[in-house]
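My questions will all concern the structure given below.
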Amino acid sequence: MAPGGANPSPILEVSRLYLILGNSIAAISAVEALRKVDPNGSITIVAKEGEPAYSPVLTPYYIAGELPRERLYLRKKSFYREHKVELICNDGAAKVFTDRKEVLLESGVLLKYDRLLIATGGRPRPAAFPGAALKGVFVLRSLLDAANIRNYALGKRDAVILGGGPISMRSAWALRKLDIRISLVISSNRLLSRLVDEEVSLRLEEALLRDGGYRIYKNCDLLAARGKEKVESVELNNGESIPAQLIVVGKGVIANKELVEGTEIATANGILTDERMETNSPGVFAAGDVTQAYDRVRKKNMVNAIWPAAFAQGKVAGLNMAGASATFTGTVPMNVIEVGGVSLATIGVRTDKTVSMRAGNALKKIYLGENKITGAVFLDDLRGIGLLHTLIRNEVPLDRLPSPQRLLENIEYCRLLRIFSRKAG
Ligand SMILES: Cc1cc2nc3c(=O)[nH]c(=O)nc-3n(C[C@H](O)[C@H](O)[C@H](O)COP(=O)(O)OP(=O)(O)OC[C@H]3O[C@@H](n4cnc5c(N)ncnc54)[C@H](O)[C@@H]3O)c2cc1C
């Protein structure tokens with residue numbers, strides 16, 4: 001009996017309501033982690049699209065005809081049932097109300113939550129030029145975008161790709177595989193200007209020109225797309241008009257974070273999270289491209305819209321939502337791009353202090369900081385990039401390594417010996 005003679009109230013095993021907004025890799029990874037800790041809580045995923053979760057990373061291969069659509073799906077159809085997830089498709093989350101722990105969907109439905117994960121990713125900056133509404137103007141983000149591009153592109157001859165970033169390069173690669181001639185229209189004076197240095201841009205440009213199917217318009221902008229109903233040509237601000245039956249606009253990505261406007265949840269370029277992937281609103285987590293989380297190399301929160309980050313962040317968020325204790329140790333920025341018959345991998349950040357190695361068309365470069373490697377770029381020969389990733393991620397001191405030049409020249413050998421774990425000598 002409890003003091004005063006009253007019966008003790010029974011401990012109620014109330015199952016938690018987990019609500020996940022978005023249905024891509026961050027969400028899937030969160031569900032898998034969460035279910036390991038809490039087999040019984042109720043999980044609902046709200047998905048704007050009508051598809052089971054798929055990989056945007058693979059959409060260029062689908063456009064190129066190198067992968068069938070089925071291969072893009074992340075998990076088997078039974079995933080949601082097996083993980084006891086209620087999937088609400090074709091409905092988007094419109095607004096989060098943290099004070100009453102509710103989310104309003106675009107359909108008007110209100111959903112309650114005990115723990116909320118925002119994993120709504122990003123969207124392409126929309127096309128904004130006269131003629132942008134013509135048939136044949138696309139962005140590439142979703143599987144639907146990819147299917148639309150592929151269907152439209154088959155049999156076409158000329159495409160304009162607007163922008164010189166990673167998504168533009170991937171779009172160009174995919175369309176080139178369909179034997180379409182590519183005109184890259186970039187407002188800067190070089191390709192991938194945010195990602196690589198001038199030398200690497202130049203080498204990449206040379207590779208594209210060797211391919212024969214690319215023209216590159218630098219320091220250029222698209223003034224208008226011309227055509228009756230469909231795109232037939234584009235007009236550039238250098239006075240040129242170039243034939244094009246389709247345009248893919250790759251002018252950057254915006255985080256889908258508007259749904260937290262009006263709440264206390266802190267945002268900058270993305271939703272800000274701590275090392276638990278929790279926002280400043282207790283019980284509300286965020287993961288993936290919508291998030292501005294810790295960047296291990298830059299030592300501050302950044303939007304790093306890459307797959308491995310979304311996966312890792314989703315996992316940490318899922319564990320913490322379920323009551324476990326997990327820490328996100330930070331993203332190492334990384335990109336791998338195939339274009340013009342070459343592969344390019346970039347890791348970390350650039351500095352002015354570089355060490356390079358060239359062999360034929362291949363170029364390997366590492367960027368040095370205070371007694372550590374901060375970044376690397378490998379072009380045309382990616383062997384050893386994994387070792388560089390480890391060295392950058394773990395901030396292995398340079399004085400524990402062979403000289404950077406020796407490291408680059410013997411990277412395969414170093415990798416095999418895991419030479420970085422010993423003193424050079
Ligand atoms: C063409 C392309 C190629 C890429 N290649 C690479 C690569 O080679 N390597 C790499 O590391 N990364 C690559 N990426 C980036 C990678 O795909 C993303 O980092 C990753 O998909 C992010 O996962 P996410 O779960 O955060 O969100 P996303 O994959 O962006 O998915 C978010 C989901 O949320 C849904 N959603 C949006 N708003 C709402 C809402 N309000 N309510 C409900 N649902 C909503 C969306 O429909 C979408 O399904 C590529 C991206 C693209 C587009």
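The values are calculated or read from the model by the stated rules, or taken from the named source; none is laboratory data. From a predicted model like this one, the values you see are computed outputs, not experimental measurements. Glycine gets a Cβ as well: all are built from the backbone with ideal geometry, and neighbour counts include every protein chain shown. Ligands, DNA and RNA are stripped out before the accessible areas are found, and what is left, the full protein with its side chains, is counted by its heavy atoms. Shrake-Rupley method; radii C 1.70, N 1.55, O 1.52, S 1.80 Å.
Can you tell me which of (1) over 20 Å from residue 19 (Cβ atoms); (2) among the β-branched types (Val, Ile, Thr); (3) surrounded by fewer than 17 Cβ atoms within 10 Å (Cβ to Cβ) is the one residue 63 doesn't meet?
All conditions are met except number (3).
In addition: Just for segment 125-146: of the residues that are touching an Asp or Glu at 6+ places or on another chain (Cβ under 8 Å) and outside any loop (DSSP other than H, G, I, E, B), which one is farthest from the ligand (Cβ to nearest atom)?
135
It is to be established whether one or more residues within segment 289-302 are open to solvent by 20 Å² or more (accessible area, probe 1.4 Å), touching a helix residue (DSSP H, G or I) at 6+ places or on another chain (Cβ under 7 Å) and under 16 Å from residue 257 (Cβ atoms).
Yes: segment 289-302 contains one or more residues that are open to solvent by 20 Å² or more (accessible area, probe 1.4 Å), touching a helix residue (DSSP H, G or I) at 6+ places or on another chain (Cβ under 7 Å) and under 16 Å from residue 257 (Cβ atoms).
Across segment 59-94, what is the total count of residues that are out of contact with any strand residue (DSSP E or B) (no Cβ under 9 Å at 6 or more places or on another chain), within 16 Å of residue 143 (Cβ to Cβ) and free of Cβ contacts under 8 Å to residues at least 24 places away in the same chain?
4
Does residue 227 count as touching a residue at least 24 places away in the same chain (Cβ under 8 Å) and over 24 Å from the mean Cα position of the chain (by Cα)?
Yes.
Mind listing whichever residues of segment 41-53 are more than 8 Å from the ligand (Cβ to nearest atom) and not aliphatic (A, V, I, L, M)?
Listed by number, the residues that qualify are 41, 42, 44, 50, 52.
Identify all residues within segment 153-189 that are surrounded by fewer than 19 Cβ atoms within 10 Å (Cβ to Cβ) and either of a type in the set (D, E, K, R) or touching a residue at least 60 places away in the same chain (Cβ under 8 Å) (or both); write none if there are none.
Correct list: 156, 157, 177, 178, 179, 181.
Among the residues in segment 70-91, are any within 30 Å of residue 153 (Cβ to Cβ) and small (Gly, Ala, Ser)?
No, there is no match, as no residue in segment 70-91 is within 30 Å of residue 153 (Cβ to Cβ) and small (Gly, Ala, Ser).
Here is a yes/no grid of residues against (1) open to solvent by less than 60 Å² (accessible area, probe 1.4 Å); (2) at pLDDT 95 or above; (3) at negative phi:
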position: 123; (1), (2), (3): no, yes, yes
position: 127; (1), (2), (3): yes, no, yes
position: 136; (1), (2), (3): yes, yes, no
position: 145; (1), (2), (3): yes, yes, yes
